[in-house]
Amino acid sequence: MLDYKDPITPAQAQNISKFFNKIKSFESTHEDSSVRAVVDWLDLSMELGESPLATDSDWTQNDSVNILTIHSAKGLEFPVVFLVNLVGQRFPTSERKEPIPIPDELIKEILPIGDFHLQEERRLFYVGMTRARDRLFLTAADFYGEGKREKKLSPFIAESLGEESLKLSSSSTLQLSILDYQPSPKPATSDQRPVTYPVNYLSYSQIQTFLDCPLHYKAKYILRLPTVPSAALSFGIAIHGSLKDIFSLPVKDPTALLKKNWVSVGYLNKKHEQEYFAKGEKILTHFLKAEYDPKHQPRLLEEMFTVPLNPVLKIGGKIDRVDVLENGQIEIIDYKTGKIPKDREKTAVDDLQLSFYSLAATILKTDPFNKQPKDIKLTLLYLEENTRFSTTRTAGQLEEAKQQILGYADQISRSDFTCTGKNCANCEFKILCDTIKTTE
């Protein structure tokens with residue numbers, strides 16, 4: 001699915017995404033979200049005729065075999081149509097009795113005289129036939145499934161083509177099995193151009209994801225496939241929310257703040273979750289003692305930004321905290337819940353994420369931004385060790401960062417999104433990726 005080469009597969013990927021979202025919505029509104037309950041709900045949805053389409057697709061424009069019910073094919077027209085299952089008890093189907101019969105005196109409409117179920121099936125057959133523009137194939141089989149008795153052809157065939165059509169001898173040509181199928185070779189064309197994906201927005205996370213694995217980027221940001229929650233992501237959300245509340249709420253109890261913001265998904269088990277919670281309490285306790293100053297309030301917390309880098313590309317993200325310093329400078333602080341890397345000083349100097357923040361602070365015209373690069377202090381605050389690493393950017397460094405970001409945008413737009421093989425064991429999309437590898 002991730003390795004699509006045609007314009008139809010993205011729609012299929014969106015259908016998968018919608019399927020996962022529907023399951024998520026079911027879980028949030030039903031106390032019993034077991035596999036059995038979800039399957040029963042899906043069966044009921046399909047029985048009610050709910051469409052699985054996630055996009056407003058024009059079926060007539062799809063260069064592929066479209067498998068549709070006659071009901072969903074109404075109003076459409078195709079060059080070639082196959083009507084299948086044209087045997088008795090399948091088309092027309094056996095009449096189904098209403099689970100709760102309605103007395104005739106309660107029905108306002110005038111009911112048709114005769115076998116109205118057969119009449120309705122005949123109308124559907126007519127609809128199916130008239131979907132064909134050039135060729136119509138009426139097909140049937142002698143046996144279906146485990147059936148031992150030979151099936152009779154649908155009476156609708158004789159009604160449409162005449163009784164003589166039933167007496168025609170069947171063709172002696174052997175029908176190829178699906179295992180004998182060989183796709184026709186595609187003619188090589190010299191004017192084929194590689195598929196490009198326009199990039200008009202980038203965040204630091206998107207760039208880092210692409211550098212780690214282009215296939216992962218495609219799954220997450222182009223196909224927008226849902227991901228399984230992780231412990232690191234849930235923990236980060238809880239810590240950032242708690243740090244924001246430290247400055248905005250009167251409550252300063254680490255345990256209470258953490259409980260208020262805790263996200264209880266993505267952990268391996270209860271013990272694993274408790275270990276993370278204890279780690280969070282420790283981080284907040286240290287922060288309150290060493291970092292929090294009730295006399296000094298940050299100017300901004302968890303500030304979202306989007307700024308134009310050029311007429312085509314915008315960059316964006318979220319700044320954890322902005323402080324205004326006594327000398328009029330601003331300090332942009334990025335919270336880190338992970339371990340300090342070995343090349344700690346070099347990380348702050350070369351960190352592209354800090355360059356994102358500095359670019360935003362020079363482009364934005366709102367207070368407290370609109371600063372010169374030398375007046376923007378950039379800080380990585382590692383919460384677990386309560387350690388800071390600060391740096392600044394020059395105008396030249398920001399221009400280099402800008403060209404670097406534009407270069408990444410160009411790489412992404414022309415990428416074939418091949419898996420790099422890095423960190424596949426822990427990848428959120430390893431099931432889909434493994435499927436591709438096994439089919440190559």
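Here, each number is a calculation from the coordinates, and none is a lab measurement. Keep in mind that this is a model prediction, so the values were computed, not measured. Counting neighbours? That spans all protein chains shown, and the Cβs are built from the backbone with ideal geometry, glycine included.
Given the pairs Lys24/Lys244; Lys252/Lys314; Lys24/Lys260; Lys24/Lys289; Lys271/Lys342; Lys252/Lys342, which are separated by over 31 angstrom at their Cα positions?
On the way: Lys24/Lys244 28 Å; Lys252/Lys314 38 Å; Lys24/Lys260 23 Å; Lys24/Lys289 40 Å; Lys271/Lys342 29 Å; Lys252/Lys342 33 Å.
Over 31 Å apart, Cα to Cα: Lys252/Lys314; Lys24/Lys289; Lys252/Lys342.
For a label point 7 angstrom out from the Cα of Leu249 toward its Cβ, which stretches of the range 260-278 have the backbone nitrogen within less than 16 Å? Output list for this probe position: 260-264. In terms of the Cα gyration tensor, with a ≥ b ≥ c the square roots of its eigenvalues, is the range 231-278 rounded because a/c is under 1.5, prolate because a/b exceeds b/c, or oblate? Prolate. Legend: calculated FRET efficiency, Lys152 to Gln411, from the Cβ-Cβ distance at R0 = 60 Å, rounded to 0.05, equals 0.45.
Go through Lys18/Lys430; Lys18/Lys218; Lys218/Lys339 and tell me which ones have a Cα-Cα distance over 26 Å in this structure. Lys218/Lys339, as the Cα separations exceed 26 Å there. Sorted ascending by nearby beta carbons within 10 Å, beginning with the fewest, Arg388, Arg131, Arg321 become Arg388, Arg131, Arg321. Once the C-beta distance of Val263 and Ala290 is scaled by a Förster radius of 25 Å, the resulting FRET efficiency is 0.50 to the nearest 0.05. Take the Cα of Lys24, step 7 Å along the line toward its Cβ, and report every residue of the range 301-333 whose backbone nitrogen sits under 20 Å from that point. Hits in the range 301-333 for Lys24 at 20 Å: 317-318.
Around Leu83, with a cut-off of 12 angstrom between Cβ atoms, what is the net charge of the other residues, counting Lys and Arg +1 and Asp and Glu -1?
Spelling it out: positives minus negatives among the neighbours equals +3.
Multiply the residue separation of Ile363 and Val80 by 0.36 nm, subtract the distance between their alpha-carbon atoms, and state the gained length in nm to one decimal. The partial results should precede the final answer.
Details: separation 283, 0.36 × 283 = 101.88 nm, distance 5.72 nm.
Once the chain is fully extended between Ile363 and Val80, it gains 96.2 nm.
Summarising the label geometry, the points placed 7 Å from Cα in the beta-carbon direction at Tyr201 and Asn310 lie 2.0 nm from one another.
Among Phe78, Phe369, the order by Cβ neighbours within 10 angstrom, fewest to most, reads Phe78, Phe369. A simple spin-label model places pseudo-atoms 7 Å from Cα toward Cβ; at Gln329 and Leu68 they are separated by 6.6 nm. Taking other Cβ atoms within 10 Å as a rough exposure proxy, Met129, Met304 sort from fewest to most as Met304, Met129.
Taking 0.36 nm per residue of separation and subtracting the current Cα-Cα distance, fully stretching the chain between Lys271 and Gln208 would add 19.6 nm.
Where does the charge balance sit around Arg224 when Lys and Arg score +1, Asp and Glu -1, over other residues with C-beta under 12 Å from its C-beta? Write out the running numbers ahead of the final one.
On the way: positive: Lys18, Lys218, Lys220; negative: none.
With Lys, Arg at +1 and Asp, Glu at -1, the net is +3.
On the beta carbon distance between Glu164 and Thr227, with R0 = 60 Å, the FRET formula returns roughly 0.50.
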